[in-house]
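What follows draws every value from the coordinates through simple rules; no lab data is involved. Note that this is a predicted model, so its numbers are computed, not measured. Glycine gets a Cβ as well: all are built from the backbone with ideal geometry, and neighbour counts include every protein chain shown.
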Amino acid sequence: MPSYESAIAIAIRRVSNVYQRPRPLSATDRVADFNCTSTEQTLWLRHYCKQAAASSTARVFVVTQEFAQAVVA
């Protein structure tokens, strides 16, 4: 039976393989389907984040799944 520590290490590797590290928003990222528990953050990301990032009024970092452009966080 694996130890608690090795089980955590395995879980972290699985999560790390599924999601990419946070990175700056790119023009090709898909934000239209983004959803979180904050209505305001969801609406801002869907409608204003690309304009804010392009005009340098905000630095937007996103998380995507591996080999995908849909923003999940």
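Normalised by 2.2 N^0.38 Å, where N counts its residues, the alpha-carbon radius of gyration of region 14-73 equals 1.09.
Counting other Cβ atoms within 10 Å as a rough exposure proxy, the listed residues THR37, THR64, THR57, THR42 run THR37, THR57, THR42, THR64 from fewest neighbours to most. Fully extending the segment from VAL18 to THR39, taken as 0.36 nm per residue of separation minus the present Cα-Cα distance, adds 5.0 nm.
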